[in-house]
Amino acid sequence: MTWIKICGITNLEDALTAADAGADALGFVFYEKSPRNVSPDAVRGIVRQLPEQVEKVGVFVGKRTGDILDLIWNAGLTGMQNHLGPHCSSVSDNKAYGMGCFPPGFKSYLSLPAEWFIKDEEGARKFISDLARAAEFTKSRVEATSPGDFFQTIFLDSSSLQQPGGTGKVFDWQKAAPVVDYMRPSVKVVVAGGLTPSNVTEAIRILKPWGVDVSSGVEASPGKKDPEKVRAFIAAVRAADERI
């Protein structure tokens, strides 16, 4: 089944609604410029009341791993999603800190603008090859209790360095389809950016992603989810899964 992440969670009510509706992961934004920015203390309080199987993903912008390790442990996060910025552009950044620094089973996701891959296919292929090698390097050196999903999942969205996520806009799925096809054997692809209950079925049909990620498309206002939209989004994804 398609992995579903509901992002931009700022309160317990929305978190429980998404979890009860069947979300696989919830995203908590730690980016001061975002209207969905939330404090580590608030996230810690929410995480403690969530089902164990739901992933709790911290969303960061241009942060080096060493700068957020304390937050990861203190907030009870099970994963991180990093929008790469000008000071954090290497997929090998995590190696310097050692995989044992993270909680057992921790997952690390990268968010990148789909436009990069669409405009520079040769560069995209090289990046995916580098990422696959990094993933194999990690797998061969971690213990059973260490993280099992580093450098294996990429979020594609309509972001830019000026607006890293939260754009509420879709990228060109048709143009991205060949790139996603190429990426699929090496990495898991999550589609983000502008998804809604009414268009997620089409995104899944065209791109056949491993996962989908939504924030503004299921909101009543920035930082506050609409329960009916959350449930409708998840129901649409599951219906698409059944058809496929």
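Brief remarks on what is shown
- Looking only at the stretch 168-215, residues that are under 21 Å from residue 80 (Cβ atoms) and either of a type in the set (Val, Ile, Thr) or out of contact with any Asp or Glu (no Cβ under 8 Å at 6 or more places or on another chain) (or both) come to 12 in all.
- Subset of the stretch 14-28 (residues that are without any contact (Cβ under 8 Å) to a residue 40 or more places away in the chain and touching a Lys or Arg at 6+ places or on another chain (Cβ under 8 Å)): 26
- Candidate set: the stretch 77-93, residues that are in contact with a Leu (Cβ under 9 Å, 6 or more places away or on another chain) and part of a loop (DSSP other than H, G, I, E, B); chosen: the one modelled with the lowest pLDDT: 86
- Flag if residue 26 is crowded, with 18+ Cβ neighbours inside 10 Å, of a type outside the set (Val, Ile, Thr), over 15 Å from the mean Cα position of the chain (by Cα) and at pLDDT 95 or above: no
- When every residue of the stretch 39-60 is checked against the conditions, none turns out to be touching a strand residue (DSSP E or B) at 6+ places or on another chain (Cβ under 9 Å), hydroxyl-bearing (Ser, Thr, Tyr) and over 18 Å from residue 212 (Cβ atoms).
- The listed residues are 33, 56, 5, and the only one of them that is crowded, with 17+ Cβ neighbours inside 10 Å and free of Cβ contacts under 8 Å to residues at least 40 places away in the same chain turns out to be 56.
- Considering only residues in the stretch 196-219 that are free of Cβ contacts under 8 Å to residues at least 60 places away in the same chain and either in a loop (DSSP other than H, G, I, E, B) or among the small types (Gly, Ala, Ser) (or both), the one that is surrounded by the fewest Cβ atoms within 10 Å (Cβ to Cβ) turns out to be 198.
- Counting the residues of the stretch 130-165 that are hydroxyl-bearing (Ser, Thr, Tyr), at pLDDT 80 or above and not in a loop (DSSP other than H, G, I, E, B) gives 1.
- The residues in the stretch 95-115 that are part of a helix (DSSP H, G or I) and at pLDDT 85 or above can be counted, and the count is 2.
The values are calculated or read from the model by the stated rules, or taken from the named source; none is laboratory data. Because the structure is predicted, anything quoted here is derived from the model rather than measured. As a convention, Cβ positions derive from the backbone with ideal geometry for all residues, glycine included, and neighbour counts pool all protein chains shown.
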